[in-house]
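Below is one structure, written out as structure tokens; comments come after it.
Values quoted throughout were computed directly from the atomic coordinates according to the rules given, and no laboratory measurement underlies them. In this text the structure is predicted, and so the values were computed from the model without any measurement. We place every Cβ from the backbone using ideal geometry, glycine too, and count neighbours over all the protein chains shown.
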Amino acid sequence: MTDQPAASPATPPTMPTPAGTPVDHRPLDSLLLEVRDLHVSFETPRGPLHAVNGVDFDLHRGRTLGVVGESGSGKSVMSKAIMGLLPRRGRTVGGSVRFDGTELVGLDDTALREFWGTEMAMIFQDPMTSLNPVMRIGRQITESLRMNLADMDRQTARATAIELLSAVHIPAPERRYKEYPGRLSGGMRQRVVIAVALACGPRLLFADEPTTALDVTVQAQILDLLQEQQRERFMAMILVTHDLGVVAGRADDIAVMYAGRIVEYAPTRTLFASMGHPYTHALMRSIPRLADPSHTRLDAIGGVPPNLVDPPRGCPFAPRCEYAQQRCLDERPELLTLPEDPGHAVACHFPLRANAPAEAEVG
């Protein structure tokens, strides 16, 4: 894997889309998703937990955004909040999420169902729990098709489901169509989950840690498959992961999250060439290096993430940062564009100016 950003296709998708899916004549580079000052908090016995705290970004059609951070940084909560998949009780969502000009924050489930499947879809972390173990694979795909595309008959839905299974490189799709998830390997189940997510031709796909619990070889196959389908269908995609190596070469832009905030945002090539935030640099250092001898101790990030019920006054990363100064403890930095690079934003009082290129060979 290289550190080059994934190139966006210049032509519309050639792969057939499900029957009944409307033709999209909008410009290929049009703005699809606008997120402004997104906040998500959950009620706990100790007070509100601020899981997402003021996230802003834009996403255009056909582009891939990689969202990277440690567990608990707010990546999955942010994705589910954008789609409206968080539970209604015990949480508060604020800010603005506009999908193709339509405000989603504040919509009820009935209104949001108009977007689920046909406009936005999500691949969840664990294929073991994403599929119904007592329902045949074919039915799990055709159920989504017939629910979201009302004009589709049973025969067309079956043919489309088999075509989708073939598209995600499942061998003997006609036979797999009739099987239960338990008869498939983890990699094959994840391919079925991808087929379900793609069934109704969404324009925005969330891939939330799509390679969790898969071995390295299967991980690469699943990521290659997602990239292939994203390009062929010209979808926008948000790829959520804790591993910078996963998004290298697969994302156009990268947003690094820590403690519910984006602390660095840049095109992939820029970020890997010149990381501005100490946390991003620490994430990169923690990746195993192919050139290191076996049993080399990993370079872990010291300390623990902050308490999001009672967050620190200053920079949330300051207690773990080797470059922290008194200002970092007293004043929270804003996400600001670097003067020398208009496309690169960093939330740090003392951004790194001369990082060496990526020390790890990722892939």
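I need the peptides 43-54, 258-269 ranked by packing, meaning the mean over residues of other C-beta atoms within 10 angstrom, with the highest value on top.
In decreasing order of mean packing, 43-54, 258-269 become 258-269, 43-54.
Please work out the FRET efficiency for the pair E174 and D100, using the Cβ-Cβ distance as r and a Förster radius of 35 Å; give the result to the nearest 0.05.
With R0 = 35 Å, the Cβ-Cβ based efficiency is 0.45.
Can you name the helices of the chain, as whole DSSP H runs, whose Cα span along the helix axis is 15 Å or more and whose Kyte-Doolittle mean is not below -0.5?
Details: long enough: 137-148 (18 Å, -0.56); 154-167 (19 Å, 0.08); 186-198 (18 Å, 1.01); 216-233 (26 Å, -0.64).
Long hydrophobic helices here: 154-167, 186-198.
Within 10 Å of each candidate Cβ there may be at most 14 other Cβ atoms; applying that plus a DSSP loop requirement, which trypsin sites (Lys or Arg not before Pro) in region 69-103 survive?
Passing both the DSSP loop test and the Cβ count: R88, R89.
With a cap of 12 neighbouring Cβ atoms within 10 Å, and only residues DSSP puts in a loop, list the trypsin sites (Lys or Arg not before Pro) found in region 143-172.
Answer in residue order: no site qualifies.
Could you tell me which trypsin sites (Lys or Arg not before Pro) in region 310-341 are loop residues by DSSP with no more than 16 other beta carbons within 10 angstrom of their beta carbon?
R313
If you wrap a convex hull around the alpha carbons of region 48-158, what volume per residue comes out, as a whole number of Å³?
Hull volume over Cα atoms, normalised by residue count, gives 156 Å³.
Between beta-carbons, use under 10 Å as the cut-off and find the net charge around Q230, counting Lys and Arg +1, Asp and Glu -1.
+2
Around P133, under 12 Å between beta carbons, what's the net of Lys plus Arg minus Asp minus Glu among the other residues?
So the environment of P133 carries a net charge of +2.
For A111 and L290, what is the calculated FRET efficiency with R₀ set at 41 Å and r taken between the beta-carbons, to the nearest 0.05?
The pair A111/L290 has a calculated efficiency of 0.25.
Summing +1 for each Lys or Arg and -1 for each Asp or Glu, what net charge is found among the other residues whose Cβ lies under 14 Å from the Cβ of T211?
Result for the local shell: -3.
For the chain, report the % of Cα-Cα distances exceeding 29 Å.
Result: 43 percent of Cα pairs exceed 29 Å.
Return the percentage of antiparallel bridges among DSSP beta bridges fully within the chain, rounded to the nearest 5 %.
Looking only at bridges with both residues in the chain, the antiparallel portion is about 65 percent.
Each label point is 7 Å from the Cα along the Cα-to-Cβ direction; what then is the distance between the points at R313 and R36, in nm?
Spacing of the two 7 Å Cα→Cβ label points: 3.2 nm.
Could you tell me the relative contact order of the chain? Use alpha-carbon pairs under 8 Å, at least six residues apart, and round to a whole percent.
About 22 percent, as a whole number.
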